[in-house]
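Report on the following structure.
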C-alpha cells in the first residue's frame, strides 16, 4: 500500500532489464497499464533517446548494479509523444539470500517544476535586460533626435536636384530605422499598471489586428482561417498590449511562410477559468536548437534589417504581465503553433478579491 500511495513512479526489473512490477504512479505518468509494462524492457516504455542515456548510465555491467546511480532532469517522452522531464534513480535489489535479483527504478516527474523554474529564470533575465535596455535607449535617443532634426533642416535647405539631397534622404531613413529600434527597446522595458487593465473581447482584438495586417498577408498570398469559440469569456487586460502580441505573432508567421500558405487563429475556454489563443502557421518551422532562444532579446533568424529580435521578448513580457503563459510547438518544414493562455476576467476578479481578504 505504501508503494501504491507514493507520488513517484516505481519499477522493479530483473537482471535483463525486464519489468516485473510497477506502481500506479508510474502508470499515470507514462499513460500505460501495468499489464502492458510487465515483461517489457524499461527502454520500451520511453522514446528511443532514453535507451541511449540509460545505456550510458548502466555501463557494461548493465543491470548488475553495485551502487546507486542517478540521472537528473532527463528530457524524454512517452511512447505516445508526451514530453517529460524526469529525475531517475537506479538501485540494486537484493533477495534474502546473497546476490542481486534485479534493480529498482525510481522515476520522479519534475516536468512542471522545471518549466516553472525556466519561466522564472526567463522573467528575471528579461527584467534585468529591460532595465539595461531602458538606459541605453534613453542615452541613444538624445543624439538621435539631433541627427534627425538637423537632417530634416538640411533637406529643407537643399533643392531635390542637389546630389546631397539624396544622401541626406538615406541618412534620414537610417535615423528613422534607428529610432524604431530605440522605441522597441523602450517598449520592451516598460510595464503597465493595473489601472490600464479592463475587460476585453479577445475576438475583437484579434479581428482588429487581422484587419490592420490584411494587406500584408494578402500580398504574401497567405490565407487566414478563424476558429473562434462561441461566447468566449472576456479577458482582463490591456487591449493595446495584447494587440502588440498578436501583431508580433502574425508577422513572424508571415515571415516564416514561403510562396503562400495559411495562418489559423483559434480560441477556446477551459474549466479552470482560463482562455487559450492559438496562432498556427504552415511555414518553415523553428529549428529545435532555436526553440529555447526565441524569447531572448535580440535573437533572430531573420536577415540583417528584417528584424530586431525584440518582438517575442516583448510579447513574452506582456503575456507574463497579464498573468498568462505563452508556449510554442514547432515542426521544421511543417509549421509552428504559439499558444497563449490567459485568465478570464472573472478569474482575475476572484483572485483580486481573495488577495484583498
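Every read-out reported here was derived from the displayed coordinates using simple, explicitly stated rules and does not represent laboratory data. Quantities reported herein were computed from a predicted structural model and do not represent experimental measurements. Virtual Cβ from ideal backbone geometry, glycine too; neighbours counted across all protein chains shown.
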Q) Between residue 78 and residue 64, what is the spin-label point distance in nm, taking each point 7 Å from the Cα along the Cα→C-beta axis? A) 3.5
(Q) For segment 2-109, take N as its residue count and report Rg(C-alpha) divided by 2.2 N^0.38 Å. (A) 1.00
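Using r as the Cβ-Cβ distance of residue 259 and residue 34, and R0 as 45 Å, what FRET efficiency do you calculate, to the nearest 0.05?
E(calc), rounded to 0.05, equals 0.35.
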Q. So how much slack lies between residue 21 and residue 166, counting 0.36 nm per residue of separation and subtracting their Cα-Cα distance, in nm?
A. 44.3 nm
Q: Can you tell me how much longer the chain between residue 114 and residue 157 gets when fully stretched, taken as 0.36 nm per residue apart minus their C-alpha distance, in nm with one decimal?
A: 9.3 nm
Q) Which of the peptides 213-221, 7-15, 44-52 is most tightly packed, and how do the rest follow, going by the mean number of other Cβ atoms within 10 Å of each residue? A) 7-15, 44-52, 213-221
Q) Percent relative contact order of segment 2-109, based on C-alpha pairs within less than 8 angstrom and at least six residues apart? A) 28
Q) Counting only Cα, what are the radius of gyration and maximum Cα-Cα distance Dmax of segment 194-357, in Å? A) 16.1, 56
Q | Using a Förster distance of 35 Å, the FRET efficiency for residue 216-residue 323 (Cβ separation, nearest 0.05) | A | 0.70
Q: Please report how far the C-alpha centroid of segment 191-259 lies from that of segment 260-302, rounded to the nearest whole angstrom.
A: 13
(Q) Need one number: nm distance between label points at residue 199 and residue 224, each 7 Å from Cα along Cα→Cβ, rounded to one decimal. (A) 2.6
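Given the Cα-Cα distance of residue 41 and residue 273 and 0.36 nm per residue of separation, how much length would full extension add, in nm?
79.4 nm
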Q | Most to least packed among 70-77, 247-254 [average Cβ atoms within 10 Å] | A | 247-254, 70-77
Q: May I ask you to derive the relative contact order of segment 194-357, considering only C-alpha pairs under 8 Å and at least 6 residues apart, and to give it as an integer percent?
A: 24
Q. Sorted by mean Cβ packing within 10 Å, highest first, what order do the peptides 310-316, 257-263 take?
A. 310-316, 257-263
